[in-house]
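Peer 1: Okay, handing you the structure first.
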Amino acid sequence: MDISVIIPLYNEDESLTELTAWIEKVMEEHHFSYEIIMVDDGSKDRSWEIIRQLAAKNPCIRAIKFRRNYGKSAALHCGFHAAQGDAVITMDADMQDSPDEIPALYKMITEEDYDMVSGWKKKRYDPLSKTIPTKLFNATARKFSGIKLHDFNCGLKAYKQKVVKSIEVYGEMHRYIPILAKEAGFGRIGEKVVQHRARKYGVTKFGGWNRFINGVLDLLSVTFITRFAKKPMHLFGTLGTLLFLVGFLAIAWIAVNKYLCLVHGVKAPLITDTPYFFIALTGMILGTQLFLAGFVAELVSRSAVDRNVYQIEQEI
Ligand code: UDP
Ligand code: MG
């Protein structure tokens, strides 16, 4: 099969029929063999009913329904698991992404040999409250990951099948899939300017104030996971040593001070009277704690052998 189109959707009943018809039209014009995998992320509207009607008419449509709303990342993860096409294309359900981009994306994956291609909504039709934080995200993500993409979180993306089978998208990680792909060893990441349109039906599901904080936290976990998951001691050990050293120096200072006072017969202050005592105490305790955290993290990462610690590209 040439292409799997994965569509995560949450309360998008108004656009589904139009979107599906458009995808079908593009696929037929270009003679692709394809499947459309709709992942209904616990919609409360008529989405599932409509999907059932659509699937009854076209055998290329497959669908998965979640019992409740788990989020876009979970929906994508599930879709990736089910995908059978050589190229896997993800697309939002709200008609902001255009199915007309599919042939060009497919070509980049198959002929130009990209592992993944991310869409770039160069001209966006979203409110400012959305575009400004997005610019910030992208700049940070670019800096941390070293991947030169303008639009990490574009819903329209294309992958080689083996890429989607090798990454684990959870939490709100759908924003950083390129980073996960790179970490999994798929470094040929391309970008294609895509058309973007204003949402035709329904409302955005990512408008809340907390998207900014959550986004930053997720970026932190992605960075941490990609840099330190396999060697947590490098982070915790370094921090622990530094803090312990600070504590040790403070203790040494107290000791030297006390000794000098005794030698010179000056009445020595109580050690609890100097700030160095508290610095030493905090430094040594925190340092030890960090070391322990490092050891525990090492144990956890060692015992995680069966969970994608490494990936085999071929087997005979
Ligand atoms: N979506 C989803 N689960 C959620 C939230 C969103 O599957 O919990 C889907 C949504 O239906 C849409 C896509 O993810 O197909 C992108 O969402 P949206 O258009 O609201 O995001 P925006 O374009 O405003 O960033
Ligand atoms: Mg949208």
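The values are calculated or read from the model by the stated rules, or taken from the named source; none is laboratory data. Computed from a predicted structure; not experimentally measured. Note that we place each Cβ from the backbone using ideal geometry, even for glycine, and neighbour counts take in every protein chain shown. These accessible areas exclude ligands, DNA and RNA; they are computed on the full protein's heavy atoms, side chains included. Shrake-Rupley method; radii C 1.70, N 1.55, O 1.52, S 1.80 Å.
Peer 1: Compute a Gaussian network model of the chain, connecting alpha carbons closer than 10 Å, and tell me which residue from 252, 74, 21 fluctuates the most.
Peer 2: Among 252, 74, 21, the largest mean-square fluctuation in the Gaussian network model of the chain belongs to 252.
Peer 1: Quick one: with all protein chains in place, what share of the accessible area of the stretch 5-67 is carbon or sulfur, to the nearest percent (1.4 Å probe)?
Peer 2: Numbers: 1580 of 3070 Å².
It is 51 percent, rounded to a whole number.
Peer 1: Quick one: how many Å² of residue 261 are accessible to a 1.4 Å probe, rounded to 10?
Peer 2: Approximately 20 Å² for this residue.
Peer 1: Using a 1.4 angstrom probe on the protein heavy atoms only, could you order 31, 174, 234 from most to least accessible area? Before the final figure, lay out the partial values.
Peer 2: Working: 31 155, 174 10, 234 110 Å².
My answer, sorted largest first, is 31, 234, 174.
Peer 1: Could you order 44, 162 by accessible surface area, starting with the largest, using a probe radius of 1.4 Å?
Peer 2: Details: 44 160, 162 90 Å².
Largest accessible area first, the residues go 44, 162.
Peer 1: Against the longest principal axis of the chain, how steep is helix 232-263, in degrees 0 to 90 to the nearest 10, with axes from Cα atoms?
Peer 2: With rounding to tens, the tilt is 20 degrees.
Peer 1: A further question on this structure: What whole-number value in Å² describes the accessible area per residue of the stretch 105-170 for a 1.4 Å probe? Don't skip to the end; give the middle numbers.
Peer 2: Working: 3250 Å² over 66 residues.
For the stretch 105-170, the solvent-accessible area averages 49 Å² per residue.
Peer 1: While we're on this one: Kindly express, to the nearest 10 degrees and within the range 0 to 90, the angle between helix 72-82's C-alpha long axis and the longest C-alpha principal axis of the chain.
Peer 2: 60 degrees
Peer 1: Whole-Å semi-axes of the stretch 149-257's equivalent ellipsoid, largest first, each the root of 5 times a Cα gyration tensor eigenvalue?
Peer 2: 42, 20, 11
Peer 1: Indicate the gyration tensor shape class of the chain (rounded, prolate or oblate), computed on the Cα atoms with a ≥ b ≥ c the square roots of the eigenvalues: a/c under 1.5 is rounded; otherwise a/b larger than b/c is prolate and the rest oblate. Please report the intermediate quantities before stating the final value.
Peer 2: On the way: a/c = 3.00, a/b = 2.48, b/c = 1.21.
Because a/c hits 1.5 or more and a/b exceeds b/c, the chain counts as prolate.
Peer 1: In a shell of Cβ-Cβ distance under 15 Å around residue 14, excluding residue 14 itself, what net charge do Lys and Arg (+1) and Asp and Glu (-1) give?
Peer 2: Numbers: positive: 44, 46, 197, 199, 200, 205; negative: 12, 13, 18, 40, 45, 49, 92, 94.
Residues close to residue 14 contribute a combined charge of -2.
Peer 1: Let me ask you something else. Where the accessible area of the stretch 118-204 is counted over protein heavy atoms with a 1.4 Å probe, how much of it, in %, is carbon and sulfur? Walk me through the numbers before you get to the answer.
Peer 2: Working: 2470 of 4170 Å².
Carbon and sulfur: 59 percent of the exposed surface of the stretch 118-204.
Peer 1: Could you give the length gained by full extension between residue 248 and residue 302, i.e. 0.36 nm per residue of separation minus their alpha carbon distance, to one decimal place?
Peer 2: Numbers: separation 54, 0.36 × 54 = 19.44 nm, distance 3.11 nm.
That works out to 16.3 nm of additional length.
Peer 1: Hey, another quick one. What's the angle, to the nearest 10 degrees (0 to 90), between helix 275-303's Cα axis and the longest principal axis of the chain?
Peer 2: The two axes meet at around 40 degrees.
Peer 1: Same structure again: Picking from 53, 195, 96, which is most flexible by a Gaussian network model of the chain using Cα springs under 10 Å?
Peer 2: Evaluated over the chain, the most mobile residue of the options is 53.
Peer 1: How big is the stretch 26-105 along each principal axis, measuring the range of its Cα positions in Å and listing the largest first?
Peer 2: 36, 26, 25
Peer 1: Rounded to whole Å, give me the distance from the Cα center of the stretch 114-146 to that of the stretch 201-276.
Peer 2: 32 Å
Peer 1: Please report the equivalent ellipsoid semi-axes of the stretch 1-145, computed as sqrt(5 x eigenvalue) of the Cα gyration tensor, largest first, in whole Å. Working shown, then result.
Peer 2: Values: eigenvalues 119, 87, 43 Å².
Semi-axes, largest first: 24, 21, 15 Å.
Peer 1: Then there's this: Mind telling me which of 56, 255, 87 comes out most flexible in a GNM of the chain, alpha-carbon contacts under 10 Å?
Peer 2: 255
Peer 1: Which shape class applies to the stretch 85-162: rounded if a/c is under 1.5, otherwise prolate when a/b exceeds b/c and oblate if not, where a ≥ b ≥ c are the square roots of the Cα gyration tensor eigenvalues?
Peer 2: Working: a/c = 2.59, a/b = 1.39, b/c = 1.86.
Oblate.
Peer 1: What percent does the relative contact order of the stretch 109-189 come to when contacts are Cα pairs within less than 8 Å and at least six residues apart?
Peer 2: Working: 86 pairs, mean separation 34.4, N = 81.
For the stretch 109-189, the relative contact order is 42 percent.
Peer 1: To the nearest 10 Å², what's residue 86's accessible area with a 1.4 Å probe?
Peer 2: Residue 86 exposes around 90 Å² with every protein chain in place.
Peer 1: For the stretch 63-116, divide the Cα radius of gyration by the Kirkwood radius and give the resulting Rg/Rh value with two decimals.
Peer 2: Working: Rg = 13.0 Å, Rh = 12.9 Å.
Ratio of gyration radius to Kirkwood radius for the stretch 63-116: 1.01.
Peer 1: Another question, then. With n ≥ 4 as the cut-off for DSSP H runs, can you work out [θ] at 222 nm for the chain, using -39500 (n - 2.57) per run divided by the number of residues, rounded to the nearest 500?
Peer 2: Values: 10 runs with 159 residues, N = 316.
Taking each H run of at least 4 residues, the total per residue is -16500 deg cm²/dmol.
Peer 1: If you rank 66, 295 by how much accessible surface each has, with a 1.4 Å probe, what is the order from largest down?
Peer 2: Values: 66 30, 295 115 Å².
Greatest to least solvent exposure: 295, 66.
Peer 1: Further question on the same structure: Quick check on the stretch 78-225: take the gyration tensor over C-alpha atoms, sort the square-rooted eigenvalues as a ≥ b ≥ c, and tell me if it's rounded (a/c under 1.5), prolate or oblate.
Peer 2: On the way: a/c = 1.57, a/b = 1.14, b/c = 1.37.
Judged from the Cα gyration tensor, the stretch 78-225 comes out oblate (a/c at least 1.5, b/c at or above a/b).
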